[in-house]
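First comes the structure, then the notes that go with it.
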Amino acid sequence: MPASSGIWLTLSSTRQCSSRRPGEAVGACGGKLLSPERHRKAVCVLQDRFRVSQRRACSLVGQNRKTQRRPAPVTAIEEQQLRRRIRELAQRHVRWGRRLVYPRLRLEGWSVNHKRV
């Protein structure tokens with residue numbers, strides 16, 4: 001039995017989620033860890049809570065250590081505002097697709113390419 005199995009068993013026993021499948025012990029009950037940002041957070045939690053090395057935590061989560069060390073990309077404020085506006089339009093007009101959201105954004109003054117929407 002590998003040395004990391006004790007940590008893995010401890011992790012799986014600390015999570016109380018009925019929708020969890022085997023192998024998803026590190027992830028939140030909301031689903032799998034798909035994005036690198038969620039992997040980064042899981043590695044940090046493992047390091048803080050269980051005092052394991054970065055190498056061990058990355059191997060448990062399945063994160064490459066180079067990806068862990070790379071700083072998270074910072075999105076511009078304008079990009080965040082654009083995403084927020086697209087989500088607002090999508091919630092207000094559920095049946096609209098990108099073909100109707102794009103012209104509405106252009107009418108509102110956003111200089112955005114149709115491929116970004």
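The values are calculated or read from the model by the stated rules, or taken from the named source; none is laboratory data. Given the structure is predicted, the values throughout are model-derived calculations rather than measurements. Ideal geometry is used to build each Cβ from the backbone, glycine not excepted, and the neighbour counts take in all protein chains shown.
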Could you run through segment 81-97 and say how many residues are in a helix (DSSP H, G or I) and either of a type in the set (F, W, Y) or surrounded by 13 or more Cβ atoms within 10 Å (Cβ to Cβ) (or both)? 5
Any pair with Cβ under 7 angstrom, 6 or more apart, that starts in segment 45-67 at a residue that is farther than 16 Å from L33 by Cα and free of Cβ contacts under 8 Å to residues at least 12 places away in the same chain and ends at one that is assigned to a helix (DSSP H, G or I) and of a type in the set (A, V, I, L, M): Q47/A57
Any residue in segment 21-40 that's outside the structural domain of S59 (by TED's automatic domain parsing) and over 19 Å from R69 (Cβ atoms): show its pairings with residues that are at pLDDT 85 or above and not aliphatic (A, V, I, L, M) at Cβ separation under 7 Å, as long as the two are six or more apart or on different chains. none
Counting only residues that are in a loop (DSSP other than H, G, I, E, B) and of a type in the set (A, V, I, L, M), which one in segment 60-80 is nearest to L105 (Cα to Cα)? A76
